Amino acid sequence: MATVTFKNIPDDLYEQLKQAANAHHRSVNSELIHCLEKTYKPTRLSAAELANRAGELRRRVAVRLDTDEITAAKNQGRE
């Protein structure tokens, strides 16, 4: 495994990292690795899970748009 050293981390950012590590019962190093993994190794969703999440989002959004409204909105900035 590679070793990385971070230098000149702003105090406020380091404090946030320490607080997050404490809240998650991790070391600062483990919290940093977790943050990097979340950013660079995102979880892939299955097609079924993606469809479920999209359906849930549609149920929570009250506005329904038809195809003409969507096309008009996309083209509005292109004119």
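Side notes on the structure shown:
- Considering Ala48, Ala62, Ala73, the condition of being loosely packed, with under 11 Cβ neighbours inside 10 Å, part of a loop (DSSP other than H, G, I, E, B) and without any contact (Cβ under 8 Å) to a residue 60 or more places away in the chain is satisfied by Ala62 alone.
- When every residue of the range 19-31 is checked against the conditions, at least one turns out to be exposed (fewer than 10 other Cβ atoms within 10 Å of the Cβ), under 30 Å from Val4 (Cα atoms) and at pLDDT 90 or above.
- Qualifying residue in the range 21-33 (condition: part of a helix (DSSP H, G or I) and touching a residue at least 24 places away in the same chain (Cβ under 8 Å)): yes
The values are calculated or read from the model by the stated rules, or taken from the named source; none is laboratory data. Everything quoted here is computed from the prediction, not taken from an experiment. All Cβ positions, glycine included, derive from the backbone under ideal geometry; neighbour counts span all protein chains shown.
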